[in-house]
Amino acid sequence: MIGTDSTYPPFESIDPATNQIVGFDPDLMAEMAKLINIKPEFKTTSFDTIFEALASKQFDAVMSAVTITDERKQKVDFTDPYVSIGQRVVALKGNDKIKSYEDLKTNNFQVGVQRGTTGEQAALTTAGVPDANVKRYDDIASAFADLKNNAIDAIVADGPTVANYTGQPEYQDAVALVGDAFTTEDYGIAVQKGDTELLNGFNAALAQLKQNGKIDELKRKYDIKE
Amino acid sequence: MSTGTGDLVPISPRRFGTLSRFPAWLLILLLIGVFVLYSMLSSERYSATLRFLLLGVQLTVVVAVVSYAIALVLGLIIALGRVSRNPLLQNAATLYVEFMRGVPLIVILLYAQFVVIPGLSNSLDELLGTRFLWQRNAAIAGTVGLALGYAAYLAEVYRAGIESIERGQMEAGRSLGMSYRQTMRYIILPQALRRVLPPLGNDFIAILKDTSLLTVISVPELTYYAKQEASRTFENFRTYNTAAFLYLTMTLLLSLGVRYIERRSSGGRR
């Protein structure tokens, strides 16, 4: 059983046609399952408690566009990185006061983030937004709904995901990406602390899929640029 | 009283003396509360969590009080519509109650923040050239959502109270030459309100707890801070203990207040 927050395209989202969890992560896991003897089943859950759920053995692994961080390593174990991304800013179209992430701390701008993510950290530390102006959401979809309604001024989240949301028909006329990625982060799959059997299996499979170009192929399929 | 048989001795209500009236549950809760508070304050990390969560208490109380006050007034108006003999008012009030009571509060709140308030605020701003931007403060949508939802619950409480007053009183009032409105205002409502004070008080406690739902639209109330603390420290046990402690402190104080009002209002009649 693999935990995931399926509001995070292109890595994981619910396909409106089939109601199945689809995306880069499920595809990659399916490729890995061919190499090691597992039957992965994705289960959707909320991100802010995802590591607690893994530590309390609700899941065998978490694959949910998770950045490897030292804080999270205290709670769970991570595989080798399988993709690198950076945080990006998205703002309302026509807001010419936000030209890069450095402008977020000015003008009392309200910045939406998803609770418990590296986007929250990046907004607070790298971009220096005051804590009171950082608005935390349970999922990034709610943040986009608020941004479109002009309830907040910007969103900070993983680059490929904000790029995906920004390209959606409901949002492409209202919001736009601002500047380039301003952090570098690696995604890994999280497993329960001490579960070396699963960890070694995942790492071996990831190494092979990196070697044979399968990961690069999936990145092209989902338009994920580093 | 004296039937002459002499073998039925009624049990005196004073049998347990004053002991039976002693609120043991309150003493136990107080002792637990003092103990928990003491252990929180003596642990550095607990008191850090407590200080952080306290940041959300003020907004929790403000939202609860304001939305309850609106719901009290709106609920009474709807209840008067519900018992009205005017079919238009009666139908409109019933429609409101059935709709609001049938939709979960959390859905009402999502509607308020993502649909109603932005739509309303944007069209007002367009029409009047103002810059209200009500959607910027999610506490507004939260307060409105809670108030509209609870107005339906409270309307039913009021209606139960009004309908519990004997029909004859309305007839008596009318035959004395009072209008429907006067009879309602001076005879029915004062008695009905006294009867529904306990359930009204219960709904205040309920609305205070339901402010925690506002976290889904990112209103920085107590639960919002609790989730933030839990996600940054990974200390769920400590964090939610503290949140539960703070909610219990508020609801127990309210509960005592409700009991006091209840006792006072029924004082002259028992």
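None of the figures in this text is laboratory data; all of them are computed from the coordinates on show. All values reported here derive from a predicted model rather than from experimental measurement. Counting neighbours? That spans all protein chains shown, and the Cβs are built from the backbone with ideal geometry, glycine included.
Here are the numbers for this structure:
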{"item": "Residues whose placed amide H lies under 5 Å from that of A:Lys43, excluding near-sequence neighbours", "result": "A:Ile2, A:Gly3, A:Thr4"}
{"item": "Nearest-0.05 FRET efficiency for A:Ala141 and A:Ser100, computed from C-beta distance (R0 22 Å)", "result": "0.35"}
{"item": "Placed amide H near A:Val89: partners under 5 Å, 5+ positions off or other chain", "result": "A:Val178"}
{"item": "Sites B:Ser175 and B:Ser265, calculated FRET efficiency, Cβ-Cβ separation with R0 30 Å, nearest 0.05", "result": "0.55"}
{"item": "Residue exposure sequence - A:Glu102, B:Glu166 - by fewest surrounding Cβ within 10 Å", "result": "B:Glu166, A:Glu102"}
{"item": "Amide H contacts under 5 Å for A:Val83, placed H, 5+ residues apart", "result": "A:Tyr187"}
{"item": "Simple spin-label estimate for B:Leu248 and B:Val103 in nanometres, 7 Å along Cα-Cβ", "result": "3.6 nm"}
{"item": "Residue mean of other protein chain beta carbons inside 10 Å, A:141-153", "result": "5"}
{"item": "Share, in percent, of DSSP beta bridges within chain A that are antiparallel, nearest 5", "result": "65 percent"}
{"item": "Per-pair calculated FRET efficiency, R0 = 22 Å: A:Asp60 and A:Asn212 via Cβ, rounded to 0.05", "result": "0.30"}
{"item": "Cα-based helix-to-principal-axis angle, A:24-35 vs chain A, degrees rounded to 10", "result": "10 degrees"}
{"item": "Helix-only mean residue ellipticity at 222 nm for the protein assembly as shown, each DSSP H run of n ≥ 4 adding -39500 (n - 2.57), per residue, nearest 500", "result": "-17000 deg cm²/dmol"}
{"item": "Listed residue pairs exceeding 23 Å between alpha carbons, taken from A:Lys99/A:Lys225; A:Lys135/A:Lys221; A:Lys99/A:Lys135; A:Lys193/A:Lys219; A:Lys34/A:Lys221; A:Lys105/A:Lys135", "result": "A:Lys135/A:Lys221; A:Lys193/A:Lys219"}
{"item": "At least 20 Å along the helix axis (C-alpha) and Kyte average at least 0.5, DSSP helices within chain B", "result": "B:24-42, B:57-83, B:138-164"}
{"item": "For B:Thr94, B:Thr223, order by how many other beta-carbon atoms lie within 10 Å, fewest first", "result": "B:Thr94, B:Thr223"}
{"item": "Exposure proxy order (Cβ contacts within 10 Å, fewest to most) of B:Lys227, A:Lys219", "result": "A:Lys219, B:Lys227"}
{"item": "Between 0 and 90°, nearest 10: helix A:196-211 axis offset from chain A longest Cα axis", "result": "70 degrees"}
